[in-house]
Amino acid sequence: MQIKYIFMVSKIHTPCPRCQSTQVIKAGIVADRQRYKCKSCQYYYTVSKLGKTIDEYYIIKGLQLYLEGLSFREIERLLGVSHVTVSNWVKKFGVKKLEDLRYHPSYKILNHNELNEFIADRNNLASHGVLITEVGDKYMVIKWERFRE
Ligand SMILES: [Zn+2]
């Protein structure tokens with residue numbers, strides 16, 4: 001399911017400002033901005049993460065967190081993207097959260113050192129496992145406590 005979004009989201013790159021082609025590829029980050037290369041005319045350009053165009057990174061993260069059961073307000077706090085914007089993404093991409101989930105994921109936001117300590121402790125992984133995803137300059141660890149009552 002998540003792979004499907006990533007596919008959909010990847011299609012909405014900002015078009016090339018020179019030839020308006022959307023056949024563009026990511027070409028690294030320059031000065032904190034996503035850099036793209038146009039496959040049609042070979043032009044390089046950058047897009048601000050916080051301008052009118054929000055990098056698809058945030059869209060993907062926002063939709064992921066929404067699917068994990070976080071509220072729009074929690075997502076706003078984590079990503080710094082307005083809850084209204086996140087709610088609009090959910091509508092735009094037709095993302096449907098499962099109803100009646102038997103488990104509620106618990107999550108922590110850790111820096112790299114804290115993440116190492118967390119992983120080093122076998123008890124944190126035993127019998128459920130975790131999903132680690134990058135959020136800004138930190139890491140989000142989601143515990144999959146599927147069978148917790
Ligand atoms: Zn172009």
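Read-outs: derived from the displayed coordinates by stated rules, not from any lab. Computed from a predicted model, the values in this text were never measured in an experiment. Every residue, glycine among them, receives a Cβ derived from its backbone with ideal geometry; neighbour counts consider all protein chains shown.
The table below gives the values:
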item: Fewest-first ranking of ARG73, ARG122, using other Cβ atoms within 10 Å as the exposure measure; result: ARG122, ARG73
item: Ordering of 23-29, 85-91 by packing [mean C-beta count within 10 Å, highest first]; result: 85-91, 23-29
